[in-house]
Structures are given as structure tokens and as C-alpha cells.
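Here is the structure we will look at.
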Amino acid sequence: MGKDIQNSFDRIYVMYYSRMLRFAKEYVVFEEDAENVVQDVFLLLWEKREVLDIRISLVSYLFSLVKNRSLDYLRHKVVAEEYKQELSFKLMSLEQLNYTFSSEEEIEKVIANAIDKLPERCREIFLKSRIEGMKYREIAEELNISANTVENHIAIALKKLRVELKDYLPLLLFLVSVK
Amino acid sequence: MHELITKYFYGEITAKEKKQLFAAMETDAELKKEFFSVQNIRALTSWMPAEEDEPRAVGKLLEFKHSRKKESHAILYRHIVGYAAAVCIAVVSTWLVTNRPEPAVEQPVIAYEEFSTPSGQRALLKLHDGTTVWLNARSTLRYPNHFDKKERRVELDGEAFFEVKRNEEAPFIVSTEKANIKVLGTKFNVFAYKGDEEFNASLVEGSVKVYSGDNDAEALQIAPHECVFWTGEKLEKSYYDNTDFLLWKEGIYAFDDVPFSEIIRKLELYYDITIIQKNRKLDQYRFSGKFRQRDGVESVLQTLQKVYYFSFVKDEETNCITIR
């Protein structure tokens, strides 16, 4: 696979850059820092493009790279007091995002399947909020429905996704032991 | 308290509520779990692909390659074949131009950067002044690494859509082979491939001046829904009512009641291919339709075949299509 990545560095970049940035932004909070996280990941890929030996799927590899780089960032970032607590919760969330290399299934497929299982309207609204980054009020205006309805749909989506994606999400049992 | 989590993630939480939420999370394990779940579901679902992901990334990739090149000083012309891969032919050349010839003063030097999109691709670029530029296939934008205080000048070979950041002090000038376009801050589309007979500047918002040569005294000024085109001898003002031609930004090529030869010419430009048209009957027909950029030139021809029958063969070696 080492050869593949060298030949298709550009392709990987074009296909995954934006998604990785969205992911990093979830935890890293500041847009500029999120860009740096993703930049670092691609720098690593670029420098190792000759010798990379990926034994797992590409997406899994990219996913873990951006996850680990975000973790590093959160762990080392010296932050002003007002963000300390917020970032520490982000760090805890990401630490509990359970994803390992051994996963046979590609993360992308798992997520796509989970979203496909949502009722149609619910999926439409969830994707608008998620991928297009629209706020409740904006979605409500566009679809000509109330903000409350949007909120309900998102709540249903989150509930269903929590079941579908449970393997990746923290368990209560685990949490109680965290101080 | 749970609704605060929702508010938090959808950007509508106040500073006070945020404090309240975090304080509650410190003691309430259930609430904390809820937060973690929503956070991680959001992150996981951010891996779903979205509409503008790729052109945005192409712009970023060009920047990335540029910074790599600067570092290594290596020649970086890479030729990559295949879908979305062709992206990287575009590399940046930097050269130096002295700005003012006064020997006593330390001469400020301007380095030019150049971005090119390969065939079948488009890119979204952001310039230093906050202006965004969509570059269509096989287009080159050349611009200084920092803009002059008095004017912001870029050079375009190809097609681009500009959203110029307003700056009354420094007009933004797009130089092309046939004409220049001068604006303060506005949205407009420019079609100006070097060597192609067509030139067209179409205004979407604001106001622009279009002129040839260096003198803008006799410039044509246009308003939204107006355009300026090149007749072969001079610039002339016109208007447009159908905005489909702007769809290329979304990766769609739209043709609205145009002669077959026009479609062929555009396909040759966008996909860097030679098309030999030997079926004279087709010349009398006009076509309308929308095509996805990424589906490629053959898919366009296959669709057109369904309207009026013709046959075509592609010679992969010479990258040439013959239509009969």
C-alpha cells in the first residue's frame, strides 16, 4: 500500500481534506488550530509517502491520524483559563471515542449506513445541520418549519445514531469510574 | 440541562449558560456522558462527504504543494492520471519582479504565485485580501504574494468566478489577454482563455468596469445581469437572463440552446482534448443540457448521442476524439 499512497497523495488530499477538517474542528474548537492539525497529518503523509506501509484500510488510517493529532493538540495546548474547561471536556470526549485499527469495517461505511437508516426528513435535517453547518433557525427558515420541529428531528437523529454507533461511543459504566 | 447541550453544539449558547453546563457536567456523570455522545456522533458524522469538499481541498492542496516546493526547492511537476488525481500538475512558479526602479530606495520585491487547475477539475482559492476565487478547469491565476496598497492586480488565463473583498482604496483588477476588469468589491464571472476567441465578463453583484489596454477612460461600466463580450474587434455590452452558465462552480456545465460546435469548443477547453468533428449534419443542430464535470467528456457525448445520432471514437494515445 506504500506505493499506492505515494501515487495518490493528491487524490487522498482532495477526497479527505474537508472531512478531516470538519472532524478536527469538532474537538479543537479554533478553526486555525484545526487547520494546523490537518496540515500536520498531511505533512506526515507527505514525508512518509515513500515508505508508508498501511496494513489497514486507508480511511481507518486517516481517521486515526487526525484523531491522534487532535489528541496531541488538546493535551499539549496551554490555554487561557476560559477555554481550559471546555477543551478538557473535548479531550475527554475524544479519548472516549472508541476506534481501533482492528476494526474490520471501514468507518466511513459504518457511518453512512447509520445515517441511511434515519427516517428521510430526519436525515435531511441532520445532514443540513452537520455537513452544511447550518443552525436550527437557518434550517427552519429554509424548510419553512418551526425551529422546534428541527430540534425534535435532530434529537431523534441523535438518539438513533447513538444506538447505531454505540460501539464507538462511551459506556456509562466506563464513565462512572472517571473522576 | 440537556437542552443546553443542544444549544452548545448548535452555536446558540450564551457564555453564562456554557459555564452552567460545564459546572453541571463536573458532577453529573449522566450529563457528561450525554455531552460526550453528542460530541462524538457529530465528529463521526463529519466524515460524510459534502458538496464543496473537493474543490475546497483542491485549493488547499495547491497551497500545500506550494509550501512543500518552497521548502525542498525541488521540481515538483507531477503527472498523475485518473479521476481527481490530475490535481497536482498545478504547481506554483515564483519569480521576482522589481517594483520601482529608483536605485536609492530599497526596492520592494513582489513575488508572483501561480495556481493552475488541471482539466476536468475546479478549485476554490482564497487570496490574502479575503477575496475568494473559483477557478474552472485548465485555468491559471497569477497574483502577487502581497497586494500593492494602491491596487490589487491578478492575471487570469481561463475562467474564474470572483467574490472580491471590498476595499475602496485599492481597486481589484483582473488582467486577461483581451481585456481588463476593474472593481472595488463585487461578484462576477470571467471567461478568458488565452488563444480562445471568446471573452466574456458577467456581473452578478455590484458594478465593474471593463476595458482593453491600460487605459480605463473608455471603459464599459456594467450592472448586475449585464455582461461584456469581445466581438473580435472590440468590447461590447450585453445582458444575460439565464444564470446557468455560473453552474460550473458547482461542477455542472450547462449549455442553453447553443450550436454543436460551441459545445465541442468548450469541451476541448475544459478537458484538454482534441475533438475532430466530421459529421457536418450536426452543425445545424442546437443543444441544451447540463452535465456533471466529473463524468467526463465521453459521458457528455454519449448523452448528446441520444438527441441526434452520431458516432465517436477516442484515440487514447493522441487524446483525440473523432466524431462521425
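Quick one: buried accessible area between B and A, total over both chains, 1.4 angstrom probe, nearest 100 Å²?
On the way: alone 18690 and 12020 Å², together 25410 Å².
Roughly 5300 Å².
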- request: Just report the Cα centroid separation between the range B:1-54 and the range B:197-275, whole Å.
  value: 46
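Loop only by DSSP, 12 or fewer other Cβ within 10 Å of the Cβ. Give me the trypsin sites (Lys or Arg not before Pro) in the range B:107-158 that pass, ordered by residue number. Mind showing how you got there, number by number?
Working: sites: B:122, B:126, B:138, B:142, B:149, B:150, B:152, B:153; in loops: B:122, B:138, B:149, B:150.
In loop regions of the range B:107-158 (DSSP not H, G, I, E or B), the sparsely surrounded trypsin sites (Lys or Arg not before Pro) are B:149, B:150.
Residues of B:124-130, mean number of Cβ from any other protein chain within 10 Å of their own Cβ, rounded to a whole number?
Numbers: counts 0, 0, 0, 0, 0, 0, 0.
That average works out to 0.
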Distance in nm between pseudo-label sites at residue B:194 and residue B:244 (7 Å out along the Cβ direction from Cα): 3.2
query: Which residues' amide hydrogens lie under 5 Å from the amide hydrogen of residue B:275, considering only partners 5 or more residues apart or on another chain, with H built in the peptide plane?
result: B:321
- line: Under the 7 Å Cα-to-Cβ spin-label approximation, residue B:132 and residue A:98 lie apart by a distance in nanometres of 3.9
statement: Averaged per residue, the 1.4 Å probe accessible area of chain B, protein heavy atoms only, in Å², is roughly 49
task: Just read off the accessible area of residue B:12 with the full protein assembly in place, 1.4 Å probe, to the nearest 10 Å².
output: 50
Inter-chain Cβ neighbour average for residues A:17-24, partner chain, 10 Å: 6
Per-residue mean of C-beta atoms belonging to partner chains within 10 Å, peptide A:89-97: 5
message: For residue B:234, what accessible surface area do you get with a 1.4 Å probe? Give it in Å², rounded to 10.
response: 110
- prompt: How much net charge surrounds residue B:40 when only other residues with a Cβ under 12 Å from its Cβ are counted (Lys, Arg +1; Asp, Glu -1)?
  reply: +2
task: Just read off the accessible area of residue B:320 with the full protein assembly in place, 1.4 Å probe, to the nearest 10 Å².
output: 20
- request: Identify, among B:154, B:210, B:240, the residue whose Cα sits farthest towards the positive end of the charge dipole of chain B, taking +1 on the Cβ of Lys and Arg and -1 on the Cβ of Asp and Glu, with the dipole about the Cα centre.
  value: B:154
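Step through the table entries B:32/B:60; B:278/B:306; A:25/B:149; A:77/B:33; A:48/B:194; B:18/B:165, compare each Cα-Cα distance with 27 Å, and write down the pairs that go over it. Show your work: numbers first, answer last.
Details: B:32/B:60 36 Å; B:278/B:306 18 Å; A:25/B:149 34 Å; A:77/B:33 24 Å; A:48/B:194 39 Å; B:18/B:165 34 Å.
Among B:32/B:60; B:278/B:306; A:25/B:149; A:77/B:33; A:48/B:194; B:18/B:165, the Cα-Cα distance tops 27 Å for B:32/B:60; A:25/B:149; A:48/B:194; B:18/B:165.
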query: Largest first, what is the accessible-area ranking of A:15, B:25 with a 1.4 Å probe?
result: A:15, B:25
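When only the heavy atoms of the protein chains count and the probe is 1.4 Å, how do B:321, B:13 rank by accessible area, highest first? List each step's numbers first, then the result.
Numbers: B:321 0, B:13 35 Å².
Solvent-accessible surface, decreasing: B:13, B:321.
The values are calculated or read from the model by the stated rules, or taken from the named source; none is laboratory data. Predicted model, so just to flag it, every value in this text is computed and none were measured. In this analysis, Cβ positions are derived from the backbone assuming ideal geometry, glycine residues included, and neighbour counts consider all displayed protein chains. The protein model used for the area step is the full one, side chains on, heavy atoms only, and it has no ligands, DNA or RNA in it. Shrake-Rupley method; radii C 1.70, N 1.55, O 1.52, S 1.80 Å.
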